[in-house]
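The structure under discussion appears below in the form of structure tokens.
The values are calculated or read from the model by the stated rules, or taken from the named source; none is laboratory data. Because the structure is predicted, anything quoted here is derived from the model rather than measured. Note that each Cβ is placed from the backbone with ideal geometry, even for glycine, and that neighbours are counted across all protein chains shown. Note: accessible area is taken over every heavy atom of the protein model, side chains too, but ligands, DNA and RNA are not part of it. Shrake-Rupley method; radii C 1.70, N 1.55, O 1.52, S 1.80 Å.
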Amino acid sequence: MNPILFHLLTIVILLAALLTVASMLIWGERRLLALWQDRYGPNRVGPLGLGQVVADIVKILAKEDWIPPFADKAVFQIAPGVILVATMTAFAVVPFAPGLAVADVNVGLLFFLAMSSMSVYSVALAGWSSNDKYSLLGSMRAISQMVSYEVFMGLSLMGVVIQVGSFRLGDIVLAQQRLWFALPQFLGLVVFFIAGLAETRRIPYDLPEAENELVAGYHTEYSGMKFASFFLGEYVGVTLFSSLVTTLFLGGWLGPVLPPLVWFILKTVLLVCLFILVRGSLPRPRYDQLMAMGWKIMLPLSLANLLVTGAIVLAREGAR
Amino acid sequence: MPGLLADGVELWPLALYFVAVVVLAGGILGLSYVLGERHRERATGMPYESGMIPTGSARVRMPVEFYLVALFFVIFDLEAVFIFGWAISARQLGWAGYVEVVIFIAVLVSALVYLWRQGALDWGTARRAGADRDRSGRRHGDE
């Protein structure tokens, strides 16, 4: 196939898939939570309640797009766009199958870290520009939580980088042909997954939007599609972290019999379900416990993981 | 500048993808602006404060811990970036590089232990070092 056409097709299909997955997850999460909590969930509209997705989109688009007269209007309108752009752009470096990525650049992992930390701007700008007390409280919590967990999110991945010697996600997948990094880097996997929960601000790390004390946190004043785009951003973020865990720790597209893309999607969907199961089963900690967990447990753990991995790799290679 | 960052990977799809994402996000938000209803009533333009009439400015004062966390982030994330640089070339640097990074991380960890002992990582005042002294030694009547 013509390479230019191939790239264009990849971009179009990826964007369509991301939007579909993000809106399907609104339904999927409610159905799965209902399953685990012994309820029905949305099951009325269409087969299995799937029509709920369309109904929700139509409803959100028809809602009033209110811009508060007391808000910083320009910033208020940009903030929800930032989270969508940041999380969706990060997908550009994820290899879905051999050779199937928008751009599998040699700084892929750094690109992902940069893009995922951009979403903190969205939350900060949204909370500050809303000029509302709940929004400001929620966004302050979100900022300190996200920057704290970001410090060791990057460090937890460095074990993998030491073993592979590359930031390119395609190389990292190929290095797992003999053994998935989930085993030698189990600690890194756990730390990264927890950091992913915190970065996407999901239960148990959803204190920024803890609805029983802060109404909705930083998106209290948002309505219509702007409100929904924070949720779209969250679901794209969940998919992003699931696909990153798949790529870095679970062998990416590698697997027997089935085609590579199917393996990738299968592993990612399972991880998304795990994200939802965590939400369905864990309570919310106190804010000081959350921050203490980050700085006092996760950061030393990821540093230890890094040093031990480095020593083992060097000893096995017989380096001087 | 082909080859500078890409080594074999074309970069224009990345740029095009970014533009497409921006257009898509703008399109979704714009569509909602066009399609959404509009209404104007007595309380429409008020900030939401659980049904109360809003009081005072929303620019409330924040606990200083948030500011501390921002500072720690700058320090520790910057050090993390140096560690990234070692991790990518750990094999080429061998044991000499390893010893150097151990020293670097030891400095980092001692800073963390210092902050921990000082109580800078604790929220609220109860367990912070010197909290008792503060409580007894605070001068009243300053406000």
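Can you give me the C-alpha center-to-center distance between the range A:119-166 and the range B:51-106, rounded to a whole angstrom?
The two parts, judged by their Cα centres, are 11 Å apart.
When the Karplus curve 6.51 cos²θ - 1.76 cosθ + 1.60 is applied with θ = phi - 60°, which whole-Hz ³J(HN,Hα) does each residue of the range A:42-53 get, with x for Gly and Pro?
Ordered by residue, 3J(HN,Hα) equals x, 10, 8, 8, x, x, 6, x, 5, x, 4, 4 Hz.
Please report how many Lys pairs in the protein assembly as shown have alpha carbons closer than 25 angstrom, counting only residues at least 8 apart along the chain or sitting on separate chains.
8
Among the trypsin sites (Lys or Arg not before Pro) within the range A:168-235, which fall in a DSSP loop and have no more than 10 other Cβ atoms within 10 Å of their own Cβ?
For trypsin sites (Lys or Arg not before Pro) across the range A:168-235 that sit outside H, G, I, E and B with at most 10 neighbouring Cβ atoms in 10 Å, the list reads A:ARG178.
Could you order A:ILE162, A:ILE60 so the one with the most accessible surface comes first? Probe is 1.4 Å.
Ranking A:ILE162, A:ILE60 by accessible area, largest first, yields A:ILE60, A:ILE162.
Just to verify a number: what accessible area does B:GLU41 come out at with the full protein assembly present, 1.4 Å probe, Å² rounded to tens?
130 Å²
Enter the accessible area per residue of the protein assembly as shown (Å², integer; probe 1.4 Å; all protein chains in place).
Normalised by residue count, the accessible surface of the protein assembly as shown is 48 Å².
How much length is gained on full extension from A:LYS73 to A:SER281, taking 0.36 nm per residue of separation minus their Cα-Cα distance?
Residue separation times 0.36 nm, minus the Cα-Cα distance, leaves 71.0 nm.
Obtain the nm distance between the two label points defined at A:LEU48 and A:GLN177 by a simple spin-label model: each point lies 7 Å from its Cα along the Cα-to-C-beta direction.
My value for the distance between the label points is 3.6 nm.
Provide a list, ordered by number, of residues in the range B:11-27 showing at least 40 Å² less accessible area with every protein chain present than when their chain is taken on its own, using a 1.4 Å probe.
B:TRP12, B:PRO13, B:LEU14, B:TYR17, B:PHE18, B:VAL21, B:LEU24, B:ALA25
Just to check I understand the Karplus step: with θ = phi - 60° and J = 6.51 cos²θ - 1.76 cosθ + 1.60, what whole-Hz values come out for the range B:30-47, glycine and proline as x?
With coefficients 6.51, -1.76 and 1.60, one gets x, 4, 5, 5, 6, 7, x, 6, 9, 8, 9, 10, 4, 9, 4, x, 9, x Hz.
Please work out the Kirkwood hydrodynamic radius for the range B:1-81, using every pair of different C-alpha atoms, and report it in angstroms with one decimal place.
By the Kirkwood definition, the hydrodynamic radius is 19.1 Å.
In whole Å, what are the Cα extents of chain A along the three principal axes, biggest one first?
Principal extents (largest minus smallest coordinate, Cα): 66, 49, 43 Å.
If you place +1 on the Cβ of every Lys and Arg and -1 on the Cβ of every Asp and Glu, how big does the dipole about the Cα centre of chain A come out, in debye to the nearest 20?
Value, rounded to 20: 520 debye.
What does the C-alpha gyration tensor say about the overall shape of the range A:22-136? Classify as rounded when a/c is under 1.5, otherwise prolate if a/b is larger than b/c, or oblate.
oblate
Does anything in the range A:55-76 have its amide N under 18 Å from the 7 Å Cα→Cβ label point of B:ARG59, and if so which residues?
It comes to A:69-76, nothing else.
Go through B:HIS39, A:HIS7 and list them by solvent-accessible area, largest first, probe radius 1.4 Å.
B:HIS39, A:HIS7
How much accessible surface does A:THR200 have with a 1.4 Å probe, in Å² rounded to 10?
Spelled out: A:THR200, probe radius 1.4 Å, area about 10 Å².
For the range A:212-227, just list the computed ³J(HN,Hα) in residue order, Karplus coefficients 6.51, -1.76 and 1.60, θ = phi - 60°, integers in Hz, with x standing in for Gly and Pro.
7, 10, 10, 6, 9, x, 5, 10, 4, 8, 8, 9, x, 5, 5, 4
Roughly how much accessible area, to the nearest 100 Å², goes out of reach of solvent when B and A pair up, both sides summed, probe 1.4 Å?
6800 Å²
Please give the contour-minus-distance gain from B:VAL81 to B:ALA43: 0.36 nm per residue of separation, less the Cα-Cα distance, rounded to one decimal in nm.
Here the segment from B:VAL81 to B:ALA43 would lengthen by 8.8 nm.
At 7 Å along the Cα-to-beta-carbon direction for both A:LEU274 and B:MET52, put a label point, then send me their distance in nm to one decimal.
A separation of 4.3 nm, rounded to one decimal place.
Counting only protein heavy atoms and a 1.4 Å probe, tell me what percentage of the protein assembly as shown's accessible area is made up of carbon and sulfur.
Accessible surface attributable to carbon and sulfur in the protein assembly as shown totals 67 percent.
Taking R0 as 30 Å, what's the FRET efficiency between A:TYR121 and B:ALA96 from their Cβ-Cβ distance, rounded to 0.05?
The value I calculate is 0.15.
So if we plug the beta-carbon distance of A:LEU258 and B:PHE66 into 1/(1 + (r/R0)^6) with R0 = 30 Å, what FRET efficiency do we get, rounded to 0.05?
0.05
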